[in-house]
Amino acid sequence: MREHARAETPPDTLPLKIKKKKKMAAGIPAVTSSLKHGLQNMGISRTVKTLTMVNQQEGFDCPGCAWPDPSHRTQFEFCENGAKAVADEATKRRVTPEFFSKHSIQYLSMQSDRWLNKQGRITHPMVLEEGSSHYVPITWDDAFSMIAGEVNKLENPNRSVFYTSGRTSNEAAFLYQAMVRSIGTNNLPDCSNMCHESSGKGLGATIGIGKGTVHLDDFNHADVILVIGQNPGTNHPRMLTALRDAKLKGATLIHVNPLPEAGLERFKHPQDYMKMNLSSTQLSDFHLPVKIGGDAALLKGLIKIHDELGHLDSKFIANQTGGFDSMLEKARDTDWNAIVRDSGLPRELISEVGQVVARSKATIACWAMGLTQQPNGVAVIQEVVNLLLMGGHVGRPGAGFCPVRGHSNVQGDRTVGIWEAAPVSFIERMEKGLNISIPREHGYDVVGAIQAMRDGAVDVFFCMGGNFISATPDTMATAEGLRKVGLTVQVSTKLNRSHLVTGKKALILPCLGRTELDVQGTGPQFVSVENSMGIVHRSTGSLPPASSHLRSEPWIVAQLSQHLFTNSPIDWSGMVEDYDMIRNLMEKSLSGFEDYNKRVRLENGFLLPNPPRDSRTFDTPSGRAHFTTHDLPDVRIDDEQFIMMTIRSHDQYNTTIYDVHDRYRGVSGNRRIVLMNALDMAERGWKNRQMVSITSHFEGETRTADGWQLVAYEIPRKNIATYFPEANILVPLRSTAKDSNTPTSKWIKVTLADFHGDEEE
Ligand SMILES: Nc1nc2c(c(=O)[nH]1)N[C@H]1C(S)=C(S)[C@@H](COP(=O)(O)OP(=O)(O)OC[C@H]3O[C@@H](n4cnc5c(=O)[nH]c(N)nc54)[C@H](O)[C@@H]3O)O[C@H]1N2
Ligand SMILES: Nc1nc2c(c(=O)[nH]1)N[C@H]1C(S)=C(S)[C@@H](COP(=O)(O)OP(=O)(O)OC[C@H]3O[C@@H](n4cnc5c(=O)[nH]c(N)nc54)[C@H](O)[C@@H]3O)O[C@H]1N2
Ligand SMILES: [Mo]
C-alpha cells in the first residue's frame, strides 16, 4: 500500500535574516530581481523575447495579475512580479517521465513547495494507479477514457466536482463549464470562492453588479483614492503607476492596512530608472494602521463624519438609492468609543481623514483580500459602498468601486460561466445557446466541495489548474477529503502538492501556458481574457511549447467531452479546430458578447456592459442602489489570544514559491515566520528568532502547528501575520465569511507558546 504523501508544506529554511523594512517599492532592485529570475529560468535571448511580449497587443496577457493595461502601452508593460510569473512558466527546466520514475510521491511530498516548482514544466500526461507510489506515463486517449469511464458510471452527476483556478482563458473556461453542465451538475467551485467572492456578493446586492465600476482613466480624475486591505507593491505593482499618476495630478491617497506596506509609502517606477529619472514619489498621504478586522468600525467613523459635515449628494440619494435613513441611523447610534476600540485608530485621525473623504469631489475605493477574507467580508464591503454612495461616488469620472482582482482571468471565468450558483436567467440563456438542459440546483463552492469529499460524496474531482491542497483552508481536512475521492485529475503546467496528495487514482494532464504558441486545425489561435476593469482582450502566446505532448486547455476539454458524450448537440472537435467557433457559441450563450469575434480583435479589446459605470443605473430589483445597515462585527478576543492574518510574501505567486525573500518587509531565509508587535513580544520575554508553536481556536476545535520564528514588526498589538500556504494548516474549514462562504484567511484566533523542538540555532 502507498503511504500518505505529506499534505502540510514542509519548512524551507535557510538561516533567517531580518533587515530594516523597505520604505520604497520598485526602483533598481526590482529591475535586477526581474532580470535575475528571467535569466536563471530562461537564458538571455528567451528573456528578452518573452518580456517584450508581455501585455502587448499582439502578445500575451501577463499571468501575474488582473490589473488593466493602459491603451498607450510602453515596451515594458510588466512589473517585477509579472516578470517572475512569466519566467516561471517559460523556464527551460523539465519534469519528465524519468523524473517521476526516479522519485516516489512520498519523496516528492517531503520537498518544499519552492523545490517542487523549481523542477520545471511537466512534459507528459502521467497516471498514478491505485496503491502505486510512482506516476507513470499514459497516453492522452487512455487518460480521457479513464476519466470518462469514472464519470459515466456515477450514480449521480453531482458526485463529480470541477474546480477552476483563475488563469484559464475565457474560451477554455466557457467550454469547460459547458462540459460540466452537459454532465448534469453545477459543481463548479473556483479560486474566486476563496478570493473576491465577498466583493461579488457585496456589490451585487447593492449596486446590481458584482464587479468594479471604474476605468483605468478614472484614476486620473480622482480626488481621493482609498486603498484598503491590499498590498499593491507586491501583488499589483503596475497599479502603483496609476496611483503615482493620480498623485501627480493632485489626488489624496489613503492607505488602510495593519501593515505599512512598501510601495504605498514610496515608489520608484522601474521605467523612470531606465529613463534615468531617479525621482520617486511619496504615494500615500495617510496610513491608517487599522487593527485586523477593524475596517467596519473605521468606515462607520468615516460615515459619521460625512454625515456631520454634509456634502451629501442629496439628489442622487433621493432619486436613485434606497435604505439611506436606516443606514444613517445605525451610524449615528454607533458609539465613538466602540469605533476607536475596534479599529485601533485615534478618533482625531479618523476625523481628519473623514473630512478629506467628505469633501472629495470624486472618490475611488480599491480593496483586496484584507476585506474579502474576513468573517464580515460582505458586510464590510457594503460599508465601503455606503460611504461612497453618500457622496454619489459612482458612475461619474474619477469615482467608483475598484475591487482589485487577483488571478489574471478570475473575473472572466465567472463572466463565462464558472459559477456554482449562477442565477436562473444566466442558466436559461446558456441552455438556449448550448441547446442542453441544465439543472437549477446550485453546486458546491470550494468549502462545500471539501466537506462533500470528507463525507464520501465525491468520486471524481477534476482541477483546471491551481493547487487545491495548498490553496484551501484546513490542509489536513482537505487532505482527508481528497484521499477519499476515487479519481483526482490536475490540468497543470508546473509540479505542485496537489499532484502528490490525491485521490485513490490520479492523473496529471500537462497543458500549454499563456506564453506558448497554440496551433490547432486552422492554424495558430489566440484566446481572450477579462481584466479587473471589465475589458475583454486577446492573449496570444508565441514561445514554442515546453514539450510536444502538451495540449491547450480548450483541446483537453473538447477531447474529454468527446469521450464523455455519445450524443452532444455541441460540436466539440469543430470548435477546437478554430477558436472563433468557440467565441461564436459564447456570443449565443452569454449576454454582452455580441459580435465577439469582431470586437475582441479591436486594438484594445472591448468593454463588457456595466450599468453603474456606463449609465449610473442599477440592475437591482428596485432599480436603485442600496445602502445597507450593519451592526459592528464582534471583534473581541480572549486575553491570551491574537488575531492572525495569512498574507503573501514578495517572492511567491499564491502557492507557487519563487524564493524565500520578502524583500520589502526585510525578512528572508525562512517562510515559517510570525510578524509580531515588539511590545507584545517583550511582554512575554520574547525576542527576534524566538521559536513558537501556534494554535488556532474555533468553536471549541483547535489546530496546532510548530516551529515558527518570531520577527518584531510594525503591526498593531494583538495582531500577527504569517504566510500562506504554510499557515493554511491553521485555518478552520468552517470559519467562513457570512454570505460568501469565503475562508476567513485574514481572521484566525490563535494562541502562541514557546516551542523547543527542532530549533535551528
Ligand atoms: N506577486 C504576486 N502577485 C499576486 C499574487 C501573488 O501571490 N503574488 N496573488 C494574486 C491574487 S490571486 C490575489 S487575490 C491578489 C492578492 O492581493 P492582496 O490582497 O494585496 O494580497 P495579500 O497578501 O493577501 O494581502 C492582503 C493585504 O491586506 C492586509 N490586511 C489583512 N487583514 C486586514 C484587515 O483586516 N484590514 C485591512 N485594511 N487590511 C488587512 C494585509 O496586511 C495585506 O497588506 O494578488 C494577486 N497578485
Ligand atoms: N491562507 C490563505 N489561503 C489562501 C489565500 C490567502 O490569502 N490566505 N488566498 C486565496 C486566493 S486569493 C486564491 S486566488 C487561491 C489560489 O488558489 P489556486 O488558483 O488554486 O492556486 P495557485 O497557486 O494560483 O495555482 C498554481 C498552480 O497552477 C498551475 N498553473 C499555472 N498556470 C497554469 C495554466 O496556464 N493552466 C493550468 N491549467 N494550470 C496552470 C500550476 O501547476 C501551479 O502550480 O488561494 C487562496 N488561499
Ligand atoms: Mo486570489
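We did not get these values from a lab; they are worked out from the coordinates using the rules stated. Since this is a predicted model, take the numbers as computed values, not measurements. Here the Cβ is made from the backbone with ideal geometry for all residues, glycine too, and neighbour counts use every protein chain on show.
In table form, for the structure just shown:
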{"quantity": "Within segment 474-498, backbone nitrogen closer than 17 Å to the virtual label 7 Å beyond the Cα of Glu129 toward Cβ", "calculated": "487-488"}
{"quantity": "Listed pairs Lys17/Lys494; Lys36/Lys84; Lys36/Lys92 exceeding 18 Å between Cα atoms", "calculated": "Lys17/Lys494"}
{"quantity": "Global geometry of the chain, whether rounded, prolate or oblate, following the gyration tensor of its Cα atoms and the 1.5 cut on a/c", "calculated": "rounded"}
{"quantity": "Spatially proximal lysines relative to Lys505 (Cα-Cα < 18 Å; intrachain offsets below 8 disregarded)", "calculated": "Lys153, Lys484"}
{"quantity": "Cut-off under 5 Å, modelled amide H: who pairs with Leu288 long-range", "calculated": "His255, Val256, Asn257"}
{"quantity": "Set of segment 661-683 residues, backbone N closer than 17 Å to the point 7 Å along the Cα-Cβ line of His756", "calculated": "none"}
{"quantity": "Summed residue charge, Cβ within 9 Å of Thr522's Cβ, Lys/Arg positive, Asp/Glu negative", "calculated": "-3"}
{"quantity": "Local electrostatic count at Gly370 - Lys and Arg +1, Asp and Glu -1, tallied over other residues with Cβ under 13 Å", "calculated": "+1"}
{"quantity": "Per-residue HN-Hα couplings for segment 479-494 [Karplus 6.51, -1.76, 1.60; θ = phi - 60°; Hz; x = Gly/Pro]", "calculated": "4, 4, x, 4, 5, 7, 7, x, 9, 10, 10, 10, 8, 9, 9, 10"}
{"quantity": "Sorted by Cβ density within 10 Å, fewest first, the residues Thr488, Thr493, Thr52", "calculated": "Thr52, Thr493, Thr488"}
{"quantity": "Segment 197-404: relative contact order in percent, alpha carbon pairs under 8 Å with at least 6 residues between", "calculated": "33 percent"}
{"quantity": "Rounded FRET efficiency, nearest 0.05, which uses the C-beta distance separating Leu679 from Asp706 and R0 of 25 Å", "calculated": "0.50"}
{"quantity": "CD proxy at 222 nm, helix term only [per DSSP H run n ≥ 4: -39500 (n - 2.57); per residue of the chain; nearest 500]", "calculated": "-9500 deg cm²/dmol"}
{"quantity": "Pair Gln57, Asp619: separation of 7 Å Cα→Cβ label points (nm)", "calculated": "2.9 nm"}
{"quantity": "Solitary cysteines of the chain, where the nearest other Cys Cβ is not under 4.7 Å", "calculated": "Cys62, Cys65, Cys79, Cys191, Cys195, Cys463, Cys511"}
{"quantity": "Among Pro237, Pro289, Gln320 the positive-end extreme of the charge dipole of segment 197-404 (Cβ point charges)", "calculated": "Pro237"}
{"quantity": "Charge dipole (debye, nearest 20) of segment 312-449; +1 at Cβ of Lys and Arg, -1 at Cβ of Asp and Glu", "calculated": "460 debye"}
{"quantity": "Tyr107, Tyr176, Tyr444 arranged by Cβ crowding within 10 Å, fewest neighbours leading", "calculated": "Tyr107, Tyr444, Tyr176"}
{"quantity": "Extension reserve of the Gln106-Lys687 stretch, reckoned as 0.36 nm per residue once the Cα distance is removed", "calculated": "205.5 nm"}
{"quantity": "FRET efficiency, 1/(1 + (r/R0)^6) with R0 60 Å, evaluated for Lys315 and Arg2 via beta carbons", "calculated": "0.30"}
{"quantity": "Relative packing of 423-433, 323-333, 207-217, which averages over residues the other C-beta atoms within 10 Å, highest first", "calculated": "207-217, 323-333, 423-433"}
{"quantity": "Protection proxy ranking of 377-387, 539-549, 522-532 - average other beta-carbon atoms within 10 Å, highest first", "calculated": "377-387, 522-532, 539-549"}
{"quantity": "Percentage relative contact order, the chain, counting C-alpha pairs under 8 Å, at least six apart", "calculated": "21 percent"}
{"quantity": "Partners for Lys247 among lysines (Cα-Cα distance below 23 Å; same-chain residues under 8 apart left out)", "calculated": "Lys22, Lys23, Lys268, Lys275, Lys361"}
{"quantity": "Residues Phe219, Phe286, Phe60, sorted so that the one with the fewest Cβ neighbours within 10 Å comes first", "calculated": "Phe286, Phe219, Phe60"}
{"quantity": "Set of lysines near Lys432 by C-alpha distance (under 24 Å), chain-local residues within fewer than 8 positions excluded", "calculated": "Lys588, Lys598"}
